[in-house]
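The values are calculated or read from the model by the stated rules, or taken from the named source; none is laboratory data. For clarity, every value in this text was computed on a predicted model and none was experimentally measured. Cβ placement follows ideal geometry from the backbone for every residue including glycine, while neighbour counts extend to all protein chains displayed. Please note that ligands, DNA and RNA were not included when accessible areas were found on the heavy atoms of the full protein model with its side chains. Shrake-Rupley method; radii C 1.70, N 1.55, O 1.52, S 1.80 Å.
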Amino acid sequence: MAGSTIDHLISVTVFLGAILLFISLFNQTLQTAILYQRHRNLATKCSDLLDNMLLNPGIPVNWGRSNCTPTGFGVQDPEFTQYKLSPFSLMRLRSSYGQPVYYPKTGSYYSNITMGFGNFLLVSFTQAINYSTVAKLLGVNNTYGFQLTITPIITVSVKEVQSKNPLKISVEVTGTGFPLANAAISYCFLTVALAEGGGEYPSYKTEYGTTYADDKGSVVLEFAEVDDDGISYAFIAYAHLSGLIGVGYHERVNSDKQYIIPFIDNLEERKVLIAHSYDVQYFGPPVAELSYNATFVLLTEDFTLREMPMDNDTGKVGKVNYGEGKPYKVVTIPTYNPGILIITYRKSAVEGGVILMPWGISSMAFPVTFGEDTSGKEWVATDLRQVIVNRVAYQAKLALWSLESYPVVG
């Protein structure tokens, strides 16, 4: 009798233990299934949200070319359909790529995309659209966090391999992890004339050409006319193959502390401030007055640069100096077609250089990073699209995460 009672107690204990173990395992399985469903919903939301950004121009449709704050968000080019994006809407997104630049003479901060010395894109914060505004327009504030990146598919790397007699420049063209063999490379070689004809304003000369990359996607170009490593120049290369276009560039200057910095101060009026670098970052005396010559060029169908006359001839050339009451000058871009603002500057008869500023991100294949940092997030869904920004091939990537936390309970 006592033996059977003990057997029953053991059986009940084992049964209860089995039930508890089953409940624990079932709970973990249920939690994992819930997490899987939420992650799947997040991935679907990411795809839908990316298409919503890329396949509509926003409200109003021309917000990228104005100073207004949009009431509906989208970056599609209003003149096209499908995955063709506006280079100006992308330019208005407040960059999370570089540190904002403060310009004391206007008392304003500027969104900063700087791709190495001499390649500036600085847009006033009053013109740039911030992350919180876009999150509200998309209806994801307090629910989801995101980061949108627009990066060129084709990488065109330009390097100087010999400084003179002759100048040698190497160009390497790569796609997503592989070289673009036999790609056509159209280039513009621009040399700065600091004191041509005894003038006080610098000018430049251009040389155009087309060549082809080898099986490894590279080529070396020679310029015999460069017989002095003190000559400043800019080299812009457009690589194209099977409908894909990429851009690369390189500058050499002999005055890299005192130079010109362009600030986009008013997008709707297309006004760019021409500032002295010492008003942004002071390196100490001596300080020199800089004379400059600003030119706007468009990229034509045959990949040459065509100069357009500036709206205000008085601002096309001028002088700026550090610390003056109004030390900057103003130039007006003549069009809303994407192009490049070329600014040659002169510190002395033997010192100067050249600055390039894209008008629309595509003309120099600048990338865009917009949104919050993805590091430290519990789960991030991503989705990709291949897009075109004014003929240049880009990849659009959206990273999306929930602002709630869903841990698995054991």
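Key figures for this structure:
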quantity: Residue within segment 392-407 that is acidic (Asp, Glu), surrounded by 15 or more Cβ atoms within 10 Å (Cβ to Cβ) and either under 23 Å from the mean Cα position of the chain (by Cα) or not in a strand (DSSP E or B) (or both) present; calculated: no
quantity: Test result for Val123, outside any helix (DSSP H, G or I) and in contact with a His (Cβ under 6 Å, 6 or more places away or on another chain); calculated: no
quantity: Scan of segment 211-232 for residues that are assigned to a strand (DSSP E or B) and open to solvent by less than 90 Å² (accessible area, probe 1.4 Å), ordered by number; calculated: Thr211, Ser218, Val219, Val220, Leu221, Phe223
quantity: Of the criteria (1) touching a Leu at 6+ places or on another chain (Cβ under 8 Å); (2) surrounded by 16 or more Cβ atoms within 10 Å (Cβ to Cβ), which one Tyr322 fails; calculated: (1)
quantity: Matching residues in segment 158-186 - criterion: being of a type in the set (Ser, Thr, Tyr), in a strand (DSSP E or B) and over 16 Å from Val392 (Cβ atoms); calculated: Ser170
quantity: Any hit, segment 81-97, residues being in contact (Cβ under 8 Å) with a residue 40 or more places away in the chain, touching a Lys or Arg at 6+ places or on another chain (Cβ under 9 Å) and hydrophobic (A, V, I, L, M, F, W, C); calculated: yes
quantity: Some residue of segment 243-253 being in contact with a His (Cβ under 8 Å, 6 or more places away or on another chain) and either over 24 Å from Pro334 (Cβ atoms) or of a type in the set (Ser, Thr, Tyr) (or both); calculated: yes
quantity: From the options Glu301, Glu307, residue that is open to solvent by 50 Å² or more (accessible area, probe 1.4 Å), without any contact (Cβ under 8 Å) to a residue 60 or more places away in the chain and part of a loop (DSSP other than H, G, I, E, B); calculated: Glu301
quantity: Selection status of Phe283, touching a Leu at 6+ places or on another chain (Cβ under 6 Å) and farther than 14 Å from Ala184 by Cα; calculated: no
quantity: Candidates Phe235, Phe263 - the one that is part of a strand (DSSP E or B), over 25 Å from Val320 (Cβ atoms), modelled with pLDDT of 95 or more and open to solvent by less than 10 Å² (accessible area, probe 1.4 Å); calculated: Phe235
quantity: Leading residue by the ranking (surrounded by the most Cβ atoms within 10 Å (Cβ to Cβ)) among those in segment 269-283 that are in a loop (DSSP other than H, G, I, E, B) and at negative phi; calculated: Val280
quantity: Criterion violated by Ser203 - all others in (1) of a type in the set (Gly, Ala, Ser); (2) out of contact with any helix residue (DSSP H, G or I) (no Cβ under 7 Å at 6 or more places or on another chain); (3) farther than 26 Å from Gln395 by Cβ satisfied; calculated: (2)
quantity: Tally, over segment 179-206, of residues that are under 22 Å from Arg306 (Cβ atoms) and open to solvent by less than 70 Å² (accessible area, probe 1.4 Å); calculated: 14
quantity: Residues of segment 43-89 satisfying the condition of being open to solvent by 10 Å² or more (accessible area, probe 1.4 Å), touching a Ser or Thr at 6+ places or on another chain (Cβ under 6 Å) and under 23 Å from Lys397 (Cβ atoms); calculated: Asp77
quantity: Condition check for Thr176: among the β-branched types (Val, Ile, Thr) and open to solvent by 70 Å² or more (accessible area, probe 1.4 Å); calculated: yes
